[in-house]
Structure formats: C-alpha cells, structure tokens
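Participant: Take a look at the following structure, please.
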Amino acid sequence: MRWFDVTLIGQKSHAGTMPMELRRDVLPAADVATAHGPDAKATIGIIGANPDGRNVVPGEVRMTQGLRPPDNVVVDRMEGAFWAQAAETARGARIDVSIEESSVSPSVPFDSVCVSMVRNAASRVGLTHRDIISGAGHDAAYMARICPTAMIFIPCRDGLSHNEAEYAEPDDIVAGANVLMRAIMAADEHFDPA
C-alpha cells in the first residue's frame with residue numbers, strides 16, 4: 001500500500017477577470033470554455049469529497065461550476081456543453097449526476113455614449129486604449145440598470161486583479177484617474193448641459 005498527499009499549487013485569481021490562457025488553475029474547467037471564444041471563462045471554485053477519508057472511495061463529490069461568457073447567447077451554448085460533458089462523465093463512470101442552477105446574472109452592456117466618453121478621454125490624454133469585457137460582477141453592472149454606465153480599467157502586473165497580489169504602476173493609476181476626470185467632465189456636459 002502506498003499513500004500520497006498531493007498538493008496542487010497554481011495561482012489564485014478572479015474567476016471572471018483572469019483569461020483562461022493566463023490561468024494557473026489547479027481545478028481546470030477549460031474544456032467548457034475554450035470552444036466558446038477567448039473571453040469565455042469556466043471555473044470550478046469549490047470541491048469536496050464525502051467521505052473524505054484516505055482509505056475510502058468517495059460516494060459523493062460536490063463542486064461548483066461557474067460559466068462566464070461575454071454574452072447571453074454564448075452562455076447558453078456553454079451551458080449546453082457543460083450539461084453534455086456532465087452526462088458523458090456520468091455514463092463513463094457509471095455514476096449519477098445532479099446539477100442545480102444556483103445563480104443567473106445576464107450580461108450587461110454598458111451605455112455606448114459613456115463608453116465613447118471614456119475612449120475619447122483616453123485619446124485626449126495620449127493613452128492607447130482598447131475595449132475589454134469585464135468578467136467580474138462589478139457594482140457598475142447594477143448601476144447600468146438605472147443610469148448610463150461605463151468602466152475604466154488600468155493595466156495590472158501579470159493581469160492579476162481582485163487579489164492581494166494585484167499591483168498597478170503609479171503612472172498607470174494616475175493615467176486612469178485622468179481618464180476618469182475627463183470622462184466625468186464630458187458626462188457633465190452631455191447629460192447636464194446647463
């Protein structure tokens with residue numbers, strides 16, 4: 001008899017913001033995400049065996065599976081792939097699988113005028129910029145339901161955000177603040193031209 005204690009060490013990161021290709025994920029769920037475009041993400045966040053004894057074949061494993069694609073059409077396709085994969089795994093291992101949907105948050109498009117104001121503000125201060133999809137559930141997603149909304153992101157070392165190891169260069173923080181200030185000034189003129 002031989003026992004092994006196995007530790008998988010990767011890099012913790014945010015399920016919505018870290019691109020699949022940059023992850024060092026110890027519980028990969030990449031096969032559900034990769035076929036659905038570069039901005040689609042899948043994450044197994046919690047896993048536990050019952051019983052969890054060294055000398056016991058677990059009779060049950062509980063886990064969470066998160067799907068974060070860029071739009072609502074893609075999430076439907078990803079969910080279909082997830083269900084198919086679960087059914088195939090169940091058949092192959094001769095096990096039962098129970099899946100319950102625990103949360104649904106639809107994609108939130110930001111206001112095109114506000115997004116344009118952010119782009120223009122970045123250009124006015126001489127910064128390169130690009131549109132990105134935020135995978136995180138920011139407060140802005142809720143604000144967008146009641147008022148025009150956009151977001152500004154600045155670069156973080158190694159793409160790591162929502163993590164205690166997140167680091168942004170001071171110059172990038174200043175640049176982001178300048179873009180925010182100019183976008184607010186443009187919004188003030190646009191939405192309240194008095």
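Values quoted throughout were computed directly from the atomic coordinates according to the rules given, and no laboratory measurement underlies them. Here the structure is a predicted model, which means the values were calculated and not measured. Note that we place each Cβ from the backbone using ideal geometry, even for glycine, and neighbour counts take in every protein chain shown.
Participant: Only one of the values (1) 13.2; (2) 14.4; (3) 12.5 was calculated from this structure for mean projected area of the Cα convex hull in nm²; name its label.
Facilitator: Structure-derived value, by its label: (2).
Participant: Residues with beta-carbon under 12 Å from that of Leu160, excluding Leu160: net charge, scoring Lys, Arg +1 and Asp, Glu -1? Please report the intermediate quantities before stating the final value.
Facilitator: Values: positive: Lys12, Arg23, Arg24, Arg157; negative: Asp158, Glu164, Glu166.
The answer is +1.
Participant: Which of these, Arg68, Arg157, Arg94, has the largest mean-square fluctuation under a Gaussian network model of the chain (Cα springs below 10 Å)?
Facilitator: Evaluated over the chain, the most mobile residue of the options is Arg94.
Participant: Quick one: which residues, 5+ away or cross-chain, put their amide H under 5 Å from the amide H of Ser161? H built at 1.01 Å from N.
Facilitator: His14
Participant: For helix 72-93, what angle does its Cα long axis make with the longest principal axis of the chain, in degrees from 0 to 90 and rounded to 10?
Facilitator: 10 degrees
Participant: Have a look at Ser103, Ser123, Ser13 and tell me which one the Gaussian network model of the chain (Cα, springs below 10 Å) gives the largest fluctuation.
Facilitator: Ser103
Participant: What are the GluC sites (Glu not before Pro) within the range 86-164 that DSSP puts in a loop, where the Cβ has at most 11 other Cβ atoms within 10 Å? Before the final figure, lay out each step's value.
Facilitator: Details: sites: Glu88, Glu100, Glu101, Glu164; in loops: Glu100, Glu101, Glu164.
Taking the range 86-164 and a limit of 11 other Cβ atoms within 10 Å, the loop GluC sites (Glu not before Pro) found are Glu100, Glu101, Glu164.
Participant: Further question on the same structure: Want the number for Glu88 to Tyr167: 0.36 nm per residue separation, take away the alpha-carbon distance, what's left? Show your work: numbers first, answer last.
Facilitator: Working: separation 79, 0.36 × 79 = 28.44 nm, distance 4.15 nm.
Going from the current span to full extension adds 24.3 nm.
Participant: Calculate the length of the line joining the C-alpha centroid of the range 128-144 to that of the range 158-194, in whole Å.
Facilitator: If you average the Cα positions of each part, the centres end up 12 Å apart.
Participant: Could you tally the net charge around Ser98, taking each other residue with its Cβ under 14 Å from the Cβ of Ser98, Lys/Arg +1 and Asp/Glu -1? Kindly include the intermediate steps, with their values, before the conclusion.
Facilitator: Working: positive: Arg62; negative: Glu60, Asp96, Glu100, Glu101.
Net of charged neighbours comes to -3.
Participant: A further question on this structure: Near the amide H of Lys41, under 5 Å away, which other amide H atoms are found, from residues 5 or more places off or on another chain, if H is placed in the peptide plane?
Facilitator: Here the answer is Arg68, since their amide H atoms fall under 5 Å of that of Lys41.
Participant: Run the quick spin-label model on Ser103 and Val26: label points 7 Å from Cα toward the beta carbon, then report their separation in nm to one decimal.
Facilitator: 2.1 nm
Participant: For all pairs of alpha-carbon atoms in the range 112-191, what percent lies in each bin of width 5 Å, listed from the first bin to the last filled one?
Facilitator: 3, 14, 23, 25, 21, 11, 3, 0
Participant: Hey, another quick one. Between Thr43, Thr17, Thr128, where does the largest GNM mean-square fluctuation fall for the chain, given springs only between Cα atoms within less than 10 Å?
Facilitator: So, out of Thr43, Thr17, Thr128, the one fluctuating most is Thr128.
Participant: Here is a further query. So between Asp111 and Arg54, what do we pick up on full extension, going 0.36 nm a residue minus the alpha carbon distance?
Facilitator: On the way: separation 57, 0.36 × 57 = 20.52 nm, distance 5.35 nm.
Stretched out fully, the Asp111 to Arg54 stretch lengthens by 15.2 nm.
Participant: Next up: Using Cα atoms only, what is the angle between the long axis of helix 170-191 and the major principal axis of the chain, expressed in degrees (0 to 90) to the nearest 10?
Facilitator: Approximately 60 degrees, to the nearest 10.
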